[in-house]
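The values are calculated or read from the model by the stated rules, or taken from the named source; none is laboratory data. Computed from a predicted model, the values in this text were never measured in an experiment. Note: ideal-geometry Cβ built from the backbone for every residue, glycine included; neighbour counts use all protein chains shown. Accessible surface is based on the protein model in full, side chains and every heavy atom, while ligands, DNA and RNA are left aside. Shrake-Rupley method; radii C 1.70, N 1.55, O 1.52, S 1.80 Å.
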Amino acid sequence: MLSDAFRARIPGVRCLVAFTGAGMSAESGVSTFRGEDGIWQKFKPEELASFDAFIRNPSLVWEWYAHRKKVLSSVEPNPGHLALANMETLFPEVHVITQNIDNLHRRAGSQRVHELHGNLQRNYCIDCRNPVSNEGLDLDAGAPRCRQCGGLIRPDVIWFGELLPLDAWDRSIEACRRADLFLSIGTSGVVYPAATLPGISRGAGAYVVEINPEYTALSDFVDETILGKSGEILPEVVRLMKIELRK
Ligand code: BV8
Ligand code: ZN
């Protein structure tokens with residue numbers, strides 16, 4: 001499963017970065033975006049995941065996010081999430097940089113999680129920015145209004161055309177530059193600027209390994225691709241890492 005080059009790197013790893021996308025949560029039952037069953041098959045991203053779409057049709061956008069929030073309350077972290085959390089016991093510094101908004105890395109126990117595209121557990125008022133948790137919302141009552149000022153409440157996620165959270169982005173860039181090993185897991189690598197991270201880390205000297213059942217837009221720019229499902233591959237990678245570290 002692991003190449004000699006990958007095995008050779010493991011003993012010297014001080015900083016490991018795991019960069020994850022929707023495929024990481026596929027085995028938890030959270031659908032991806034661009035696969036054959038992906039949610040973008042039914043909708044176009046611009047139609048839903050943008051501020052303009054939200055202002056044009058708040059109840060349609062809320063219907064989509066309310067559905068995804070309900071899905072998230074019924075899913076669990078899968079063995080891939082748990083394996084990444086376990087890696088924190090093997091190396092001095094492990095960062096999870098995720099494009100996902102499903103909160104599953106935190107629920108799996110990962111401590112250093114950088115959320116580039118926000119988190120579906122959080123919402124805020126577009127006028128007074130009053131934060132509102134999911135518990136404070138009736139997910140079946142259309143687009144909710146702020147109790148303080150009556151403004152529209154939106155999910156705390158980064159839509160197309162919106163800037164990524166600067167602190168999460170800065171910390172991610174810093175971790176990528178320090179990484180000895182960079183795992184790109186379950187992402188098609190088509191959304192920017194997140195998709196620039198593997199190249200930045202490789203340019204700074206990291207060994208970059210992609211884990212995905214198929215080749216992606218990133219495959220030509222990584223050191224190796226392990227074809228398979230992250231929920232199956234990652235526990236095996238942790239088992240082999242432990243053997244290499246005991247030698
Ligand atoms: C930005 C949150 C600066 C919401 C998401 C014009 C104007 C402005 C910007 C742009 C523009 N043109 C292009 C851009 C940049 C744009 C962009 O990249 N567009 C792309 C589509 C071309 N980016 C932005 O707008 C970003 N902001 O640039 O700001 C700026 C600002 C103003 C003006 C100029 C510049 C913001 C991007 C963030 C968008 N928000 N999500 C929500 O979720 O509802 S993006 C969305 O895509 C998710 O976050 C998702 O994570 C992300 C990436 O997708 P993936 O995670 O890779 O998922 P995907 O389904 O594609 O792939 C799944 C993979 O898993 C597959 O490879 C599959 O094989 C694999 N898989 C399946 N099963 C498994 C598996 N792998 C492992 N195990 C399995 N079991
Ligand atoms: Zn308000």
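Structure notes:
- Per the listing L16, L2, L90, L82, the residue uniquely under 30 Å from L245 (Cα atoms), more than 13 Å from the chain's Cα centre (by Cα), in the same structural domain as A206 (by TED's automatic domain parsing) and at pLDDT below 95 is L2.
- G118 falls short on exactly one of the conditions (1) closer than 30 Å to G12 by Cα; (2) touching an Asp or Glu at 6+ places or on another chain (Cβ under 9 Å), and that condition is (1).
- Residue within segment 141-163 that is closer than 25 Å to L82 by Cα and hydrophobic (A, V, I, L, M, F, W, C) present: yes
- Matching residues in segment 174-198 - criterion: being assigned to a helix (DSSP H, G or I) and surrounded by fewer than 18 Cβ atoms within 10 Å (Cβ to Cβ): E174, R177, R178, T196
- With respect to the conditions (1) closer than 21 Å to P213 by Cβ; (2) outside any loop (DSSP other than H, G, I, E, B), L60 lacks only one, and its number is (1).
- Residue within segment 189-201 that is without any contact (Cβ under 8 Å) to a residue 24 or more places away in the chain and in the same structural domain as V61 (by TED's automatic domain parsing) present: no
- Positions within segment 116-169 being open to solvent by 90 Å² or more (accessible area, probe 1.4 Å), acidic (D, E) and within 16 Å of ligand 2 (Cβ to nearest atom), in sequence order: D127
- Residues of segment 220-233 classified as more than 9 Å from ligand 1 (Cβ to nearest atom) and open to solvent by less than 20 Å² (accessible area, probe 1.4 Å), total: 2
- Neighbours by Cβ (under 6 Å, 6+ apart or cross-chain): first from segment 146-158, without any contact (Cβ under 8 Å) to a residue 24 or more places away in the chain and farther than 9 Å from V132 by Cα; second away from ligand 1 (no atom under 11 Å from the Cβ) and among the polar types (S, T, N, Q): Q148/N130
- Checked against the criterion of being farther than 20 Å from G203 by Cβ and in contact with an Asp or Glu (Cβ under 8 Å, 6 or more places away or on another chain), the candidates A143, A168 yield just one match: A168.
- Screening T225 against (1) touching a strand residue (DSSP E or B) at 6+ places or on another chain (Cβ under 8 Å); (2) modelled with pLDDT under 95 leaves a single unmet condition, (2).
- Contacts under 7 angstrom Cβ, first residue in segment 162-173 being assigned to a helix (DSSP H, G or I), partner within 11 Å of ligand 1 (Cβ to nearest atom), 6 or more apart: A168/E115; A168/L116; W169/L116; S172/L116
- Pair list, Cβ < 8 Å and 6+ apart or interchain, from segment 103-129 residues that are more than 13 Å from ligand 1 (Cβ to nearest atom) and assigned to a loop (DSSP other than H, G, I, E, B) to residues that are at pLDDT 95 or above and among the basic types (K, R): I126/R154
- Test: residue in segment 206-216 that is in a helix (DSSP H, G or I), buried (at least 22 other Cβ atoms within 10 Å of the Cβ) and either modelled with pLDDT of 95 or more or not assigned by TED's automatic domain parsing to the domain that holds E36 (or both): no
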